[in-house]
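Down below is the structure, laid out as structure tokens.
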Amino acid sequence: MHSLETIVSWAKRKWFVYPGSDIYGGLANAWDYGPYGVQLKKNIQDLRWKTFVQMRPDMVGLDAQILMHPKVWETSGHVDNFDDPLIDDKVTGERFRADKIIEDRLEQWDLSLGQLTDTYGVKNLIPESRTFDQMHAFIVGEIPNNPNKKKKQAAEWTEVRKFQMMFYTHQGVVHDADDAKIWMRPETAQGIFVNFRNVLDTTRMRVPFGIAQVGKAFRNEITPGNFLYRTREFEQMEIEYFIAESDAQAKYAEWRELSKDRWENKVKLKSDRIRFREHESDELSHYSDGTFDVEYQYPRGRGELQGIAYRTDFDLRNHQESSGKNMQYNDPYTGERYVPHVIEPSFGLSRTVIAVMLDAYDEEQLTNSKGQEETRIVARFPFAIAPVKVAIFPLIKKDEKQVEIAKNIYASLSQHRVVEYDDGGAIGKRYRRQDEIGTPYCITVDNDSIDNGTVTIRHRDSMEQEVVVIDELVQWILNKKT
Ligand code: GAP
């Protein structure tokens with residue numbers, strides 16, 4: 001796997017991602033998507049929407065507001081429970097996420113669970129499952145030096161404390177009024193729960209059914225970093241799938257399988273880089289009765305791409321109590337009334353973008369037509385995800401007929417797919433430019449196009465060429481799907 005630095009530098013150079021607020025020196029850990037990045041992200045998003053909304057009669061979409069009534073976050077448990085364990089080094093004033101530095105320490109160390117249990121009274125190697133006192137004891141015992149310093153420098157640790165991760169802002173003109181403070185959503189999920197009743201009353205959806213949305217979420221992460229992996233503003237693609245309690249285990253298993261299939265066969269991540277992991281019971285979030293993670297092997301270690309949680313009826317029941325609105329479902333077939341339970345497949349969109357980039361980026365050693373060794377940078381995105389599907393070149397820029405045919409092909413193909421017209425430089429350079437952004441096919445218009453009405457199509461991965469009749473190009477491109 002290539003290093004994160006290689007991927008970041010390529011992503012910046014090839015218009016995928018720019019540092020946020022770049023002209024002012026950047027805002028730490030903020031990234032803006034450039035022309036190819038935004039298309040890549042949209043394709044990932046569209047693929048999920050198509051698979052899980054468009055092609056399923058039991059799913060509908062929703063787009064709820066980022067700013068919601070403060071009661072939503074009190075009721076969901078986020079005001080009291082959405083926090084990270086924080087620890088400071090008093091010597092340098094630096095702040096760390098306690099669970100994160102423990103995790104990093106354990107990765108460097110061949111420590112058996114037995115040793116850890118005996119010394120620190122913990123049941124597993126998962127830092128989040130520990131009490132603050134246990135985290136503190138481990139850090140004082142095993143991380144005597146400040147983890148940020150290359151040369152050993154003893155740390156003087158504070159206690160471990162809670163750090164509220166939700167951002168807030170103010171609405172209205174009177175900032176210090178009690179009701180002016182408003183949270184910025186840390187997950188899109190609650191927007192779905194508070195609209196459950198609306199969807200039930202205004203559509204013909206019947207349990208089991210799901211609601212999907214895509215949108216921004218905000219978390220005041222203590223240790224953002226690793227490019228798009230952990231940022232304070234990011235995007236999620238969440239689904240809340242409403243079920244009867246008796247169906248919960250079957251549907252939980254079904255969504256795990258559907259998710260596996262998505263990563264392996266639709267997004268097509270390399271199978272040796274993805275791992276599916278069931279959470280230990282003491283690792284579960286406050287609302288969950290089962291959680292299954294899809295993890296990706298990023299250059300700096302494994303990290304969560306998607307979580308699938310069985311959230312029971314925690315959210316709907318709490319919103320029912322807090323709002324006084326009835327969240328019960330009347331089953332038209334059995335006459336039963338109940339508050340539905342929920343399976344939540346929650347996909348990280350920003351984290352998928354970086355996983356897809358890491359998977360696709362390749363440096364291939366070639367011998368060129370002059371017999372020289374060269375490196376071809378090629379992004380092997382699956383067709384469905386590639387930002388540009390086809391590039392169209394007139395072989396000779398000054399040949400008016402070639403240019404006219406190439407522009408006509410552009411006009412007709414661009415109605416169906418994202419395509420690009422490129423007439424700059426030698427043909428070999430144009431191929432390399434498209435390889436670097438992952439364009440699966442390049443169409444060259446030459447004299448045969450004028451004489452015989454055909455073009456040459458060059459395939460990105462094999463670099464093989466085929467001849468196709470111009471009149472058949474639309475059908476040819478429509479047949480390319482994955
Ligand atoms: N509604 C459940 C929920 O939000 P989560 O595991 O906290 O669960 C879901 O988040 C997904 O959102 C994660 O699997 C991850 O892909 C993504 N995510 C969470 N925090 C993130 C961050 N700071 N930056 C980028 N992606 C993040």
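Each value in this text was obtained by applying a stated rule to the coordinates, not by laboratory testing. All of these numbers come straight from a predicted model, not from anything done at the bench. Methodologically, a virtual Cβ is constructed for each residue, glycine included, from the backbone with ideal geometry; neighbour enumeration extends over all protein chains shown.
Descriptive notes on the structure:
- Rounded to the nearest 10 degrees, the inclination of helix 314-323 to the longest alpha-carbon principal axis of the chain is 70 degrees.
- Between helix 400-413 and the chain: long-axis angle, C-alpha atoms, 0 to 90°, nearest 10: 30
- P(r) of the range 206-305 over all Cα-Cα pairs, binned every 5 Å from zero, in whole percent: 2, 9, 16, 21, 24, 17, 7, 3, 0
- Tensor-based shape of the range 388-478 (alpha-carbon gyration tensor, a/c under 1.5 rounded, otherwise prolate or oblate): rounded
- Straight-distance candidates among the aspartates and glutamates for linking to Lys389, with alpha-carbon spacing under 12 Å and chain neighbours fewer than 8 residues away dropped: Glu420, Asp435.
- With both residues required to sit in the range 363-482, DSSP beta bridges show an antiparallel share near 65%.
- Sorting the segments 240-252, 154-166 by their residues' average number of neighbouring beta-carbon atoms within 10 angstrom, most packed first, yields 240-252, 154-166.
- Under 20 Å from Lys123, Cα to Cα: lysines that are on another chain or at least 8 residues apart: Lys100
- The range 77-133 and the range 210-289 have their alpha-carbon centroids 23 Å apart.
- Cross-link partners of Lys401 among aspartates and glutamates (Cα-Cα below 12 Å; sequence separation of 8 or more within a chain): Asp446, Asp448, Asp451
- For the range 1-131, the fraction of C-alpha pairs more than 18 angstrom apart is 77%.
- 222 nm mean residue ellipticity, helices alone, for the chain (DSSP H n ≥ 4; -39,500 (n - 2.57); rounded to 500): -9000 deg cm²/dmol
- DSSP beta bridges in the chain [antiparallel fraction, %, rounded to 5]: 85
- Rh (Kirkwood; distinct C-alpha pairs) - the chain, Å: 25.5
- Where trypsin sites (Lys or Arg not before Pro) fall in DSSP loop in the range 299-399, at most 10 other Cβ within 10 Å: Lys370, Lys398
- Listed pairs Lys266/Lys429; Lys41/Lys481; Lys162/Lys216; Lys42/Lys429 exceeding 19 Å between Cα atoms: Lys266/Lys429; Lys162/Lys216; Lys42/Lys429
- Acute angle (nearest 10 degrees) that the helix 427-437 long axis makes with the longest principal axis of the chain, alpha-carbon atoms: 10
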